[in-house]
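Quick one: structure below, then a few questions.
The values are calculated or read from the model by the stated rules, or taken from the named source; none is laboratory data. Owing to the predicted nature of the structure, the values given are computational and were not obtained by experimental measurement. Here Cβ is always computed from backbone atoms with ideal geometry, including for glycine, and neighbour counts include all displayed protein chains.
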C-alpha cells in the first residue's frame with residue numbers, strides 16, 4: 001500500500017494545491033492512506049475527512065506545529081516542527097490555541113513588511129503599503145506565512161525566485177514565530193486524543209535537529225534527554241531523510257516503543273506526494289485506537 005502522512009494544502013497553509021486537488025492527486029497516484037498536516041491549522045480537516053470518504057482513501061487527522069525549543073546546554077532557542085495525528089478536530093482547547101497562533105502570524109507579517117521596507121529604502125525600491133499587505137493576504141487560502149510574502153516579491157519583480165527571496169530578504173527580516181513550547185504542544189494534541197510525533201528530525205533544509213547537531217547519535221541523545229516525555233513517535237521516513245537516517249530513527253523508535261511515521265512533506269512544489277517508500281505496517285499502528293472512529297480508517 002502507498003502511505004503519505006505529511007502533506008500540505010493551499011487550503012490550510014502553504015501547499016500548491018487546494019484540499020480537493022490534493023485528494024484527487026492522491027487518488028490518481030493510488031495512495032491508500034494520507035494525512036493533511038497543514039502548518040498550525042486544522043481548518044480543512046473536516047473537509048478532508050469528507051473527501052477521504054468520497055475518494056475511498058483512508059485518512060488520519062493531522063497538523064504540523066512549530067515549536068520554540070530552548071536547548072539548555074547552549075541556552076539556545078531553535079525552531080522545530082512536530083506532527084499531531086488522530087486528534088479530535090472539535091477539541092476547543094486546540095482550536096482556540098491555533099486561532100491565537102493564526103492572529104500572531106498576521107501581526108508577524110506586518111512586522112516583516114516593516115523590516116522589508118527598511119531594506120527597500122536602502123536600495124531605492126518602492127515601499128510596501130497596506131495595499132500590498134492586503135494583496136498578499138488575498139493570495140492566502142490558509143495560514144499566512146513567509147512563503148506568501150516570497151511569492152509576492154517574485155510577482156513584483158524584486159526577486160527571481162523563492163530562494164533569492166529568503167536569502168536576500170526574508171531571513172534578514174524575520175520576526176519570531178509564536179513561542180509554542182514542546183510541553184504545550186504535547187498537551188494540546190494529547191488532550192485532544194491524539195499523538196505527537198517529532199517531524200523530520202534530520203532534515204538538512206528544514207526546522208530540524210540539524211540546527212543543533214548533524215550527528216545522528218547526538219540528535220537522538222538530545223531527544224532522550226529533553227523531549228521523550230512529550231512525544232509519542234518520530235518521523236523516520238521523509239523526502240529529505242537518507243537510508244542511514246531512516247535506519248537510525250527506526251532503531252531509536254523501537255528502543256523507546258515510539259510510533260514510526262513517514263511522509264513526503266509535499267507542498268506540490270515539485271509534486272512528491274506518495275514518493276517516499278513507507279512500509280505497510282506503519283498503517284497498522286493507527287488501527288484499533290480508541291479515537292480511530294473519528295476518522296474513516298476502516299480500510300487499514
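Is it the case that some residue within the stretch 204-217 is touching a helix residue (DSSP H, G or I) at 6+ places or on another chain (Cβ under 6 Å) and in contact (Cβ under 8 Å) with a residue 40 or more places away in the chain?
Looking through the stretch 204-217, at least one residue is touching a helix residue (DSSP H, G or I) at 6+ places or on another chain (Cβ under 6 Å) and in contact (Cβ under 8 Å) with a residue 40 or more places away in the chain.
Is one or more of the residues making up the stretch 162-170 assigned to a loop (DSSP other than H, G, I, E, B) and outside the structural domain of residue 269 (by TED's automatic domain parsing)? If you could, list the steps in order and put the result at the bottom.
Going residue by residue through the stretch 162-170, those that are assigned to a loop (DSSP other than H, G, I, E, B) are none.
Taking every residue of the stretch 162-170 in turn, none turns out to be assigned to a loop (DSSP other than H, G, I, E, B) and outside the structural domain of residue 269 (by TED's automatic domain parsing).
Could you grab me the full set of residues in the stretch 33-46 that are closer than 20 Å to residue 276 by Cα and at pLDDT 95 or above?
Of everything in the stretch 33-46, those that are closer than 20 Å to residue 276 by Cα and at pLDDT 95 or above turn out to be 33, 34, 35, 36, 37.
Within the stretch 178-193, how many residues turn out to be assigned to a loop (DSSP other than H, G, I, E, B) and crowded, with 20+ Cβ neighbours inside 10 Å?
Of the residues in the stretch 178-193, the ones assigned to a loop (DSSP other than H, G, I, E, B) are 178-181, 192-193.
Checking the rest, the ones that are also crowded, with 20+ Cβ neighbours inside 10 Å come to 180, 192.
Going through the stretch 178-193 one residue at a time, the tally reaches 2.
On the given criteria, is residue 153 over 25 Å from residue 224 (Cα atoms) and crowded, with 21+ Cβ neighbours inside 10 Å? First the steps, then the outcome.
Details: over 25 Å from residue 224 (Cα atoms): yes; crowded, with 21+ Cβ neighbours inside 10 Å: yes.
It is true that residue 153 is over 25 Å from residue 224 (Cα atoms) and crowded, with 21+ Cβ neighbours inside 10 Å.
What number of residues within the stretch 15-30 satisfy the criterion of being assigned to a loop (DSSP other than H, G, I, E, B) and surrounded by fewer than 23 Cβ atoms within 10 Å (Cβ to Cβ)?
Kept after step one, since they are assigned to a loop (DSSP other than H, G, I, E, B), are these residues of the stretch 15-30: 15-18, 29-30.
Remaining after also requiring surrounded by fewer than 23 Cβ atoms within 10 Å (Cβ to Cβ): 16-18, 29-30.
Result for the stretch 15-30: 5.
Rundown of residues vs (1) in contact (Cβ under 8 Å) with a residue 60 or more places away in the chain; (2) surrounded by 14 or more Cβ atoms within 10 Å (Cβ to Cβ); (3) assigned by TED's automatic domain parsing to the domain that holds residue 45, yes/no style:
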site	(1), (2), (3)
73	no, no, yes
77	no, no, yes
113	no, yes, no
127	no, no, no
134	no, no, no
